[in-house]
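This report refers to the structure that appears directly beneath it.
The values are calculated or read from the model by the stated rules, or taken from the named source; none is laboratory data. Nothing here was measured: the structure is a model prediction, and the numbers come from that model. Quick reminder, even Gly has a Cβ in these numbers, built from the backbone with ideal geometry, and neighbours come from all protein chains shown. Note: accessible area is taken over every heavy atom of the protein model, side chains too, but ligands, DNA and RNA are not part of it. Shrake-Rupley method; radii C 1.70, N 1.55, O 1.52, S 1.80 Å.
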Amino acid sequence: MDKLSEFAKRYAESGVSRFHMPGHKGVTLHGLEAVDLTEIKGADFLFEPDGVIADGERLTADAYGSAATCWSAEGTSLSIKAAVCMVRQYLGRDITVASPRNCHRAFLNACTLLGIDPVWIYPADKRSLLCECAVTPDDVRKTLLNGGVDAIYITSPDYLGGMADIRGIAKVCREFGALLIVDNAHGAYLKFVGNEHPLGCGADIVCDSAHKTLPVYTGGGYLHISKSAPKELVQLAKPAMAMFGSTSPSYLIMQSLGMCAEMLTGELPQKLRDCCERTAKVKALMKSLGIPDLSAEPMKITVGASKAGYDGGELAELMRENKMECEYSDPDAVVLMLSPYNTKTDFERLERFFMKLEKRIPLHNADCTELFGVRPEKVMSLRSAMLSPCVNIPVDESEGRICARTAMSCQPSVAAVMAGERISAEILKILKRYSIFSIDVI
Ligand SMILES: Cc1ncc(COP(=O)(O)O)c(C=O)c1O
């Protein structure tokens, strides 16, 4: 057991009268109160750790081979804000960050709070997936050649399992002296199943949602600083996390991060590899049945629903009827996230479902290439728009208005319109296609 969990367990068994937060005083009401603590003596402080939390973070950093890893009890959402802030502080002046438009709203919030107006990278290759922004090293090079960009921000893997060429992008960033931040929320496990974790591919700062793919409570995440990144970033990490984080981080989440760190030095990496192998078998079965899998990730399956003749929502409902709940569905895709904690039954149920799935001719859904084709007119900065008063109106009435809060059908997908951009007739159509029927406008 990790040191933080050991401390919490000992404390729960000590019979000490709790004259401290939280208000439940360790009484079992929901289930885990006994070990749900706060920053008492011995429990360490997340934002200034020198005890059991520092030990757990060091263990995590060793498992990932990072220069330093900070735990987050508020997901990758917190790590992303801290990462952007660290670049701003490291350079000590206003900065420009460039990103494809499939970024999570935490990045938009970071830019708003830090007064950064992002530059959007439009991929030359117009793919057809909602969450994918298939930027290549060449796309990044073109952006950097325009000058004035201090950092590149890439989301990889994306929600649908698309993966960017981080190695190639990192090389271009180094050539131009730009820092590389990667939102690797979906890829915390990648470190243990191959060579595709962004830390090993040359990224400077990497944000992982441990909870998405590892056995960690919802909200557990990491902020990693690479050994090849400027050394000063390590010192900036904790204060940056503290700037945006709650002063009451969940000790339950941190204990699960601690336990996971221990497990990563034990059998968990092998279990992750086994899970990828098992997932590969499902992917092979799908291929033999002619059911498309759109995911490049080894532990995620993205069923190409419309290509298989189904609306994604309908397919998700059919799965529900067969006792399976997906992570996400839209008209074109159904996302399934797997982990070593899926049982044999789960895998067999999924395979039976695919084997019985009625064969249909592909649906002619309009693809999302239009998302990459539109270049909305920018009317004001992201920050000005995000901080403006706004009204929520039906999308049908929004043509010509300025978007006040970026509208995405899921987090994060490619935004048809960002805050500060004008809603055109074309954008209006895209919003409705992705079931966005009302929108905040200035
Ligand atoms: C690509 C991506 N980045 C960031 C986040 C935010 O992560 P978290 O929920 O851990 O804060 C998500 C959440 O779904 C995500 O899909």
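See the values below:
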read-out: Gaussian network model of the chain, Cα within-10 Å springs - most flexible of PHE192, PHE19, PHE47; value: PHE19
read-out: Helix runs (DSSP H) in the chain reaching 20 Å along axis by Cα, Kyte-Doolittle at least 0.0; value: 75-91
read-out: With every protein chain in place, the chain: carbon and sulfur % of accessible area (1.4 Å); value: 52 percent
read-out: Coordinate range along principal axes, alpha carbons of the range 3-264, Å, largest first; value: 64, 36, 29
read-out: Value of D in µm² per second that Stokes-Einstein yields for the range 195-283, Kirkwood Rh from Cα pairs, at 4 °C (1.567 mPa s); value: 86 µm²/s
read-out: Enclosed volume per residue, in Å³, of the convex hull spanned by Cα atoms of the range 215-364; value: 169 Å³
read-out: For the range 281-389, the spread of Cα positions along each principal axis, largest first, Å; value: 52, 34, 25
read-out: Share of alpha-carbon pairs per 10 Å distance bin for the chain, given as whole %; value: 4, 20, 28, 27, 17, 4, 0
read-out: Pairs from LYS281/LYS359; LYS300/LYS344; LYS378/LYS432; LYS191/LYS287 whose Cα-Cα separation, in the structure shown, is over 23 Å; value: LYS191/LYS287
read-out: Ranked by how many other beta carbons lie within 10 Å on average, peptides 275-288, 57-70, 172-185 from highest; value: 172-185, 57-70, 275-288
read-out: Compactness relative to 2.2 N^0.38 Å, alpha carbon Rg of the range 1-130; value: 1.45
read-out: Rounded Å value of the spacing that divides the Cα centres of the range 227-270 and the range 77-120; value: 20 Å
read-out: Highest-first arrangement of 78-91, 426-439, where packing means the average Cβ count within 10 Å; value: 78-91, 426-439
read-out: Proximal aspartates and glutamates relative to LYS231, as straight alpha-carbon distance under 12 Å, when same-chain residues fewer than 8 apart are discounted; value: ASP204
read-out: Partners for LYS41 among lysines (Cα-Cα distance below 26 Å; same-chain residues under 8 apart left out); value: LYS3, LYS9, LYS25, LYS238
read-out: Span from the the range 395-440 Cα centroid across to the the range 33-75 one, whole angstrom; value: 40 Å
read-out: Rounded to 5, percent antiparallel among DSSP beta bridges of the chain; value: 65 percent
read-out: Hull volume in cubic angstrom per residue (convex hull over the Cα atoms of the range 374-441); value: 75 Å³
read-out: Spacing of the two label points (7 Å from each Cα toward its C-beta) at ALA280 and HIS20, in nm; value: 4.8 nm
